[in-house]
Amino acid sequence: MLTFTIRRLLMAIPTLLFISLIIFLILDLAPSDPTGSLPLTIPPEVRADIRASLGLDEPIHIRFLLWLQQFFVNEPLNLFEHWTGWDLGGEDRTRVISWQTRSPVVDIIAERMPQTLWVVGTAYIVGILIALPIGIYSAYKQYSVFDQAGTFITMVGFSIPPFFSGVLVIVIFAVQLQWFPSVYDTTHEVTDWDSLVIQLKQMILPVMVLALQITSQISRFMRASMLDNLSQDYVRTARAKGLTESVVVLVHVVRNSMIPVITVIALGVPQVFGGAIITEQVFKVNGLGHLLIGAIQGGDIPTVQTLTFIFAVLIVLFNLIADVLYGILDPRIRYD
Amino acid sequence: MKLRHLMLGSVAAIALSPVAALAERGSDGQLNIIYWQAPSTLNPYLSGGTKEVESASLVLESFARFSETGELVPFMAEDIPTLENGGVSEDLTSITWTIREGLLWSDGTPVTAADAVFTWEYCTHPEGGCAQASYFDGVESVEAVDDRTVTVHFTAPKPFPYTAFVGSESPIIQAAQFADCLGAAAPECTDANFSPIGTGPFVVEEFRPNDVITFVANENYRNPDQPAFASVTFKGGGDAASAARTVLETGEFDYAWNLQVDPTLLEEMEAAGIGSVVTAFGTSVERLHLNQFNPDPALGDIRSTEEAGPHPFLTDPIVGQAMSMAIDRPLLSEIGYGAGGQPTCNVLPAPELYASTANDDCLVQDIDGANALLDEAGIVDSDGDGIREYEGTPLSVLFQTSTNAVRQDAQALIKQWWAEIGIDAELRNIDASVFFGGDPSSPDTFQKFYADVEMYTNNFAGVDPEAYMANWLCSDIPSPETQWQGANIQRFCDPAYDALVAEMSETAELEERGRIAREMNDMIMQSYSIIPLVHRGGVSAHANTLGGVRMSDWDSELWNIAEWYRLDE
Amino acid sequence: MTELTTLEAQTYQKQRNQWWDVWDQFKTHKGALIGAGFFIFVLLFVYLGPLVWSIDSQYIDIRARNQGPSWAHPMGTDQLGRDMLARLMAGGRTSIAVGLTAMGLALIVGTFVGVIAGYFRRLDGVLMRLTDLFLALPILPLLLVIIMLFRDPLRASFGPEAGIFILIVFVIGITSWMPTARIVRGDVLALKEREFVLAARSIGTPPHRMVLRHILPNVLSPIMVSATLGIATAIITESALSFLGLGFPSDFPTWGRLLFDGTDWLQRNPERVIWPGLAISLTVLSVNYIGDGLRDALDPRIRGR
């Protein structure tokens, strides 16, 4: 398994380079433009000058190589200097600069990360924690009232998109009841108990909306996978051996049912870092999802490229982690 | 509607009452502003977006700004230079500004003429990509006569010299702070771009790009009683409807900008009684452009260019006239824009001096008249499919616009009205970032105009329409040779019009300029290559506890934020 | 499982009997029957409804805008006075067609890639890196590129409506097959080490039969879940696409669009969101129950019980 992991990690390098090239080509081909959101009163000559000052006049391979150098050499060196305080003499090292804000992309990402992890991360964990028991119990008591109600709620919950459920909870809890704020305050800092309560209050609505989606999805896969396994021969054998029901279900069946669930969870983690575009927009959380959509609309190629590439790294990484976990859950799975 | 006017009236009355003058700096605590598009920088020279310009206007100022009536109000300058007071030279080639006595930057250093000279150098640097470079068009040099006197020299007589250093788009930046940020180095000065030092009522405390800005009152502001607010939170993100909700329904914010929300909903939210909707009209006109060249897809790459030849039917003013007559402008305005719109028949609706009244017949919808007009011209439905034919070509148009709920409703309405006069429309909406993006490789930009009809809003900055009216020169038609740049979107070309443009650029006398501008407007209108629909105003909302708001569409909406204050409940 | 391999030697008559077995089992599944019944009702509603309720979904009656439910407009009207009942029917035709076909496409591609990658070790690396690539692609710019390249050619060869339909189904399919592929592959990796697969392989069953007879039936349940979730996603995604100008023209209603447009009217005219919201949820729910019933009916272990 170790050699497999190392081989896959090595394989990931050319894969990611290739992915970054494809992303860059798509972004370059896409018809949005950094001057597109400017008022029409700004004349075309000025727009052309702005594009030139952003380096858009350079040929594509130069721009791609520049990004590669900035992202893989300059940024890590900068980070290294920042951490150690050593001066490696890189005054003229250029960083990846966002076209919208004209500031280093990596700094903006670092600034946005906490919001996204707080809100989307919490929602993800909450969602999983609710989904697994629901899925397991629904399958164990298939077609019981609990299962039927769970099916109904999760399917309706999944069918209702966050652009609607977000507004719905705002109207109910922020406008009518006035319990929770409808705007997330990104400058709020948790320093003591009271500020933590405020933080929790402003997180409740977006977490609720996101967790509903995540719960629905994961509990469906958990339930289906459990059902498959509950009718297998080994379950009958285990019961026949006199194992208690809880051991049979929670140890044997759950373990064998986890493979599709692990896949779904691993597929979702990069999305946690990617933020939830619509939910972030509705509650003005302004995390990474908001950054990404804003950058796409503003034609800000360096930001989109950098963000997308970081997601790509996470996708490759977590799919690898899922593969390793398959092997641990089911030792019969071999990759070499 | 009546209620709103009453409320506005009462707010205005309070604004004029002496209570405001008693306020002292910082006495009114916190002000919360929400812009649903978040500012990405506070340097308006690096990003020309409205959101950046308006947020920066809390900090950076210029010699003068435009009030809500379009009049110039001195800000950093002592007074407004004119021909009469000798501030503008007799030959119209220079204007001399005097900086206010004792004006300080927020860091305590004095403002000097050198700062203005530097600002000009900063924005006109060839590698800087300055977004506001057009404000310095025709400026030959900027001269520091002495510490407090700045003279702007023009290359040619400039009948309207209030461009450079006037309005929020061309503010004066501090030379000391931006000295190392000229040209290609401009983007590297992140600190300066994110928290510029200015003379305005507020100072940046923290700037988070595309998210939130916190400001505190400027200790060195020239008026010791202002601003009334000690701090400002300027939040970005979300959408127009939710921004409106935070001011009008939950009361979390005091001021929300650009509320393009269905007027019915806005009225309903306003009825909650927490906030009020305010509007201000500038020069924005929502209009239809009728392509004068042939956009037939079969023509491939030459469509919508001169090579493709004239449009099969839209070049005939009769067709355009009928299309215009079929539209119920008051209804479009009411449904789409409410208080933020007025039906208009002119592409140049304001200021008053320039607004023509010759075309006002269009304000009343006349479907029967439009049908009769087409019948008389022999444009009839000859094959019985409900669509008229023009010399054998059916009157079917592809009608495109940017994606925006109000525009899609307007499209649907217009399509139905045109169907009633035998003109068929296929609707298309395009993502705004592509439509306005101007990427020469995309077929969907408004400049390429690969459609028969398109709808969007345009306007001009400031109060002088000369540059705007020059949009429709024959030489300004977008084409592949110019990478599809050019403002003559509908491809209108008339030598008589070009002559008028030339005449206006040589005329200094205001009345005469008004006459020429009206004549040009009427010429375009009678060609029916542009069908104006709605004169659009800015729509914003403020909490009923917020006083002093005098919304201007000629400048930043927040132009007088120093005078804002909290009303006692 | 082994009994399935012997089935192929049986006659057509016997084969039909097996499907009768499936039907018999399906019939006993109450949820599945209700689900199927509701789904048929929805189909009748959207396809035959317009024959009964003949108001044009695109007809604007501006004087009747923003009305609540009445006899003239049982579901009220929208902000332009268009009849919501007619729009719900017209929207359903598009949404169901898009939802089913796009989901089908994503499922076929996803299952194919997943099974091949899981079963044939040599293709695993390549196919899973391809999946990683597709997962990593930035969707919005990709869509803008696709519109730019393919909209006009498709419109020219299939006409505006069919062209856009093909484009939307293609776009949704191509951007949503990856999770299915990963899930199916994960299950196949575990399945192919199970005893019955080893047994079947040891008697020399060729790969295509292994996949069709032994692997596929056993990964059916995650596929079914993907399918039901996929329909919901496709219906919502379609509405998101129209904001990019990639979807149907703006006066062309779909359920996702009706729900989005109605969201702002939630307080004033709640029926504008309730009906499209219910339509989407209940359709997805009914497909879910049909899926449940089918899976049970196809599983010989359960069928006997």
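Quick notes
- Only one entry of A:LEU21, A:LEU25 meets the criterion of being in a helix (DSSP H, G or I), touching a residue at least 40 places away in the same chain (Cβ under 8 Å) and open to solvent by 60 Å² or more (accessible area, probe 1.4 Å), and that entry is A:LEU21.
- Test: residue in the range C:267-282 that is of a type in the set (Ser, Thr, Tyr) and in contact with a Leu (Cβ under 6 Å, 6 or more places away or on another chain): no
- Some residue of the range A:26-40 being of a type outside the set (Gly, Ala, Ser), away from chain B (no Cβ under 11 Å) and either more than 25 Å from A:THR187 (Cβ to Cβ) or touching a Cys at 6+ places or on another chain (Cβ under 8 Å) (or both): yes
- Single residue of the range C:260-275 satisfying the filter (facing chain A (nearest Cβ under 9 Å) and part of a helix (DSSP H, G or I)) that is nearest to A:THR151 (Cα to Cα): C:VAL273
- Given (1) at the interface with chain B (Cβ under 10 Å from one of its Cβ atoms); (2) within 17 Å of A:ILE97 (Cα to Cα); (3) in a loop (DSSP other than H, G, I, E, B), index of the condition A:ILE50 fails: (3)
- Some residue of the range B:251-269 being part of a strand (DSSP E or B), open to solvent by 30 Å² or more (accessible area, probe 1.4 Å), modelled with pLDDT of 85 or more and more than 14 Å from chain A (Cβ to nearest Cβ): no
Okay, residues lined up against (1) assigned to a loop (DSSP other than H, G, I, E, B); (2) in contact with a helix residue (DSSP H, G or I) (Cβ under 9 Å, 6 or more places away or on another chain); (3) open to solvent by less than 50 Å² (accessible area, probe 1.4 Å):
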| position | (1), (2), (3) |
| --- | --- |
| B:ASP361 | no, yes, no |
| B:ASP385 | yes, no, no |
| B:PHE399 | no, yes, yes |
| B:VAL406 | no, yes, yes |
| B:ASP409 | no, yes, yes |
| B:LEU413 | no, yes, yes |
| B:TRP418 | no, yes, yes |
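- Of the listed requirements (1) at pLDDT 90 or above; (2) more than 29 Å from B:GLY108 (Cα to Cα), B:ALA240 misses just one: (1).
- Any hit, the range C:135-158, residues being polar (S, T, N, Q), modelled with pLDDT under 90 and closer than 30 Å to B:ALA432 by Cβ: yes
- Any hit, the range A:91-110, residues being surrounded by fewer than 23 Cβ atoms within 10 Å (Cβ to Cβ), under 16 Å from the mean Cα position of the chain (by Cα), under 23 Å from B:PRO209 (Cβ atoms) and modelled with pLDDT of 80 or more: yes
- B:GLY167 being in contact (Cβ under 8 Å) with a residue 24 or more places away in the chain and either of a type in the set (Asp, Glu) or farther than 29 Å from B:LEU510 by Cα (or both): no
- The condition of being closer than 30 Å to C:ASN288 by Cα, within 14 Å of another protein chain (Cβ to nearest Cβ), out of contact with any Phe, Trp or Tyr (no Cβ under 6 Å at 6 or more places or on another chain) and crowded, with 22+ Cβ neighbours inside 10 Å holds for only one of C:THR77, C:THR111, that being C:THR111.
- Selection of the range B:491-533 for residues being open to solvent by 10 Å² or more (accessible area, probe 1.4 Å), assigned to a helix (DSSP H, G or I) and hydroxyl-bearing (Ser, Thr, Tyr) yields B:SER505, B:SER527.
- Qualifying residues in the range B:429-443 (those that are open to solvent by 10 Å² or more (accessible area, probe 1.4 Å) and assigned to a loop (DSSP other than H, G, I, E, B)) - the one farthest from the other protein chains (Cβ to nearest Cβ): B:PRO440
- Evaluation of B:PRO312 against (1) of a type outside the set (D, E, K, R); (2) in a loop (DSSP other than H, G, I, E, B); (3) more than 30 Å from B:ASN371 (Cβ to Cβ) (one fails), failing number: (3)
- Selection from the range B:534-569 of residues that are small (Gly, Ala, Ser) and not in a helix (DSSP H, G or I): B:GLY537, B:GLY538, B:SER540, B:ALA541, B:ALA543, B:GLY547, B:GLY548, B:SER552, B:SER556
- Selection of the range B:233-278 for residues being over 23 Å from A:GLN176 (Cα atoms) and in contact with a Pro (Cβ under 9 Å, 6 or more places away or on another chain) yields B:PHE234, B:GLY236.
- Counted residues, the range C:243-259 - those being facing another protein chain (nearest Cβ under 9 Å) and modelled with pLDDT of 85 or more: 2
- Hey, A:LEU292 open to solvent by 10 Å² or more (accessible area, probe 1.4 Å) and not hydroxyl-bearing (Ser, Thr, Tyr) or not: yes
- Residues of the range C:125-142 that are open to solvent by 10 Å² or more (accessible area, probe 1.4 Å) and either in a helix (DSSP H, G or I) or on the phi > 0 side of the Ramachandran plot (or both): C:GLY125, C:VAL126, C:LEU127, C:ARG129, C:LEU130, C:LEU133, C:PHE134, C:LEU135, C:ILE139, C:LEU140, C:LEU142.
- Among the conditions (1) under 30 Å from B:GLY70 (Cα atoms); (2) in contact with a Cys (Cβ under 9 Å, 6 or more places away or on another chain), B:ILE327 misses just one, which is (1).
- Taken over the range C:146-164, the residue count meeting the criterion of being among the hydrophobic types (A, V, I, L, M, F, W, C) and open to solvent by 60 Å² or more (accessible area, probe 1.4 Å) is 4.
- Test result for B:THR190, under 18 Å from A:ILE97 (Cα atoms), among the β-branched types (Val, Ile, Thr) and surrounded by fewer than 24 Cβ atoms within 10 Å (Cβ to Cβ): yes
- The number of residues in the range C:163-218 that are of a type in the set (Gly, Ala, Ser), over 26 Å from C:ALA240 (Cα atoms), within 14 Å of another protein chain (Cβ to nearest Cβ) and in contact with a Lys or Arg (Cβ under 8 Å, 6 or more places away or on another chain) comes to 1.
- Selection within the range B:189-244 - charged (D, E, K, R) and facing chain A (nearest Cβ under 8 Å): B:GLU206, B:ARG208, B:ASP211, B:LYS235, B:ASP239
- Test: residue in the range B:452-470 that is part of a helix (DSSP H, G or I), open to solvent by less than 20 Å² (accessible area, probe 1.4 Å) and more than 9 Å from chain A (Cβ to nearest Cβ): yes
- Filtered residue count, the range B:321-340, keeping only those that are touching a Gly at 6+ places or on another chain (Cβ under 7 Å) and either open to solvent by less than 10 Å² (accessible area, probe 1.4 Å) or within 14 Å of chain C (Cβ to nearest Cβ) (or both): 2
The values are calculated or read from the model by the stated rules, or taken from the named source; none is laboratory data. Small disclaimer: the values here were computed from a predicted structure and weren't measured. Virtual Cβ from ideal backbone geometry, glycine too; neighbours counted across all protein chains shown. Accessible surface is based on the protein model in full, side chains and every heavy atom, while ligands, DNA and RNA are left aside. Shrake-Rupley method; radii C 1.70, N 1.55, O 1.52, S 1.80 Å.
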